[in-house]
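Report on the following structure.
The values are calculated or read from the model by the stated rules, or taken from the named source; none is laboratory data. Because the structure is a prediction, the values reported are computed rather than measured. With ideal geometry, Cβ positions are generated from the backbone for all residues, glycine too; neighbour counts draw on all protein chains shown.
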Amino acid sequence: MVKRYTLEQSKIIESISDLAHVQVYVNLDENERRYLIETLSIDEHTLNSAMDPDELSRLEFEPNHLALIYKRPKNYSGKDGFVFKVASAGLFLFKDQLIVVLPEDIPLFEGKPFAKVQSLNEIMIKLIYRSIFHFLEHLKVINMISDDLEKKINASMENSYLINLFSLEKSLVYYLNAVNSNSVLIDKLKLMSTKIGLSTEESEFLDDMIIENNQCYRQAEIYSNILASLMDARASIVGNNLNVLMKTLNIITIAIMVPTFVVSAFSMNVSIPLQQHQWAFWIIMSLAGLSVAVVTYVWKHKRW
């Protein structure tokens, strides 16, 4: 699927022209792949890298274009089971055209950063900048889910919520690697800004991106460290909750067993004391109640 956009009066406007300034290819089919490789001379390996979630961010100079691979959060689905995944995306900058290759359809040019753009270079940079805030938005969601799971773990005796926390911790490791990989790419863009042809304003914007990306990395690192350091404590909480339940069940079992024993002793089909006594029933029930009181006293005295 191809989406086309043109740059007019500092705004990105959807277009139907084959010569549109920005062309977004989503989930390439074979015809689109052959067009990019054979007509636009995009390296096949680099194009495949744009669809590979395990590929690292990088910058390459080709004879007629600039090729970038950067990392971005994958759209979250309930089927992922609390695992937030990372995807790759490709940017191929020609003299008068920007080709964007994505593995899935996502909104690209929304928000304040794209309200006013002056060049294809700026669009390219702001697409990477948007991915930083996409990571930050996901980190906020991960933190909210983590807080909710912690509350459930405090009253839980199952491992399901704990397993969900492990999934979140795994997601944060993916995010740390992705953000760090983008950091290397942004640093290289800054270093090669003159060769790429970035303006002074665009070069200064890269400085802001470096700061934002570093803050994103620190935030993900903090969340990851908190989850990892408290995981053992949360596992102990689940075990302790189970121990408390077993203790309660034991108390109930013993409390029922002792008076049952007393009543059963007087229910045997043999000669027993009090069988002719007119108050036999109430005496037996009193003895049963007394046995409960004795067990309760001993339990509290021993602090079991």
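Could you tell me whether the range 88-99 includes any residue that is among the hydroxyl-bearing types (Ser, Thr, Tyr), free of Cβ contacts under 8 Å to residues at least 60 places away in the same chain, closer than 23 Å to residue 142 by Cα and assigned to a loop (DSSP other than H, G, I, E, B)? Within the range 88-99, none of the residues are among the hydroxyl-bearing types (Ser, Thr, Tyr), free of Cβ contacts under 8 Å to residues at least 60 places away in the same chain, closer than 23 Å to residue 142 by Cα and assigned to a loop (DSSP other than H, G, I, E, B).
Conditions tested, residue by residue: (1) modelled with pLDDT of 75 or more; (2) outside any helix (DSSP H, G or I).
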| position | (1), (2) |
| --- | --- |
| 203 | yes, no |
| 213 | yes, no |
| 224 | yes, no |
| 254 | no, no |
| 270 | no, yes |
| 284 | no, no |
| 291 | yes, no |
| 298 | no, no |
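Residue-level analysis places residue 46 outside the set of residues that are without any contact (Cβ under 8 Å) to a residue 12 or more places away in the chain and in the same structural domain as residue 7 (by TED's automatic domain parsing).
In the set 77, 88, only one residue is buried (at least 17 other Cβ atoms within 10 Å of the Cβ) and either polar (S, T, N, Q) or on the phi > 0 side of the Ramachandran plot (or both); that residue is 88.
Would the range 181-202 turn up any residue that is assigned by TED's automatic domain parsing to the domain that holds residue 113 and under 16 Å from residue 81 (Cα atoms)? Within the range 181-202 (the criterion being assigned by TED's automatic domain parsing to the domain that holds residue 113 and under 16 Å from residue 81 (Cα atoms)), the answer is no, since none of the residues qualifies. Which members of the range 91-104 meet the condition of being touching a Leu at 6+ places or on another chain (Cβ under 8 Å), surrounded by 15 or more Cβ atoms within 10 Å (Cβ to Cβ) and not aliphatic (A, V, I, L, M)? Selection gives 92, 94, 97.
Condition check: over 16 Å from residue 70 (Cβ atoms) and touching a strand residue (DSSP E or B) at 6+ places or on another chain (Cβ under 9 Å). Does residue 141 satisfy that? No: the conditions fail for residue 141. Here residue 83 passes the criteria (1) farther than 20 Å from residue 202 by Cβ; (2) surrounded by 19 or more Cβ atoms within 10 Å (Cβ to Cβ) except the one numbered (2).
Here residue 278 fulfils each of the conditions (1) in a helix (DSSP H, G or I); (2) modelled with pLDDT of 70 or more; (3) out of contact with any helix residue (DSSP H, G or I) (no Cβ under 6 Å at 6 or more places or on another chain) apart from (1).
Taking residue 158 as the residue in question, decide whether it is in a loop (DSSP other than H, G, I, E, B) and at pLDDT below 85. Yes; evaluated as a whole, the condition is true for this residue.
Can you run down the residue pairs with Cβ atoms below 7 Å, 6 or more apart or on separate chains, where the first is in the range 151-167 and within 20 Å of residue 248 (Cα to Cα) and the partner is loosely packed, with under 12 Cβ neighbours inside 10 Å and at pLDDT below 80? Pairs that qualify, where the first residue is within 20 Å of residue 248 (Cα to Cα) and the partner is loosely packed, with under 12 Cβ neighbours inside 10 Å and at pLDDT below 80, are 157/245.
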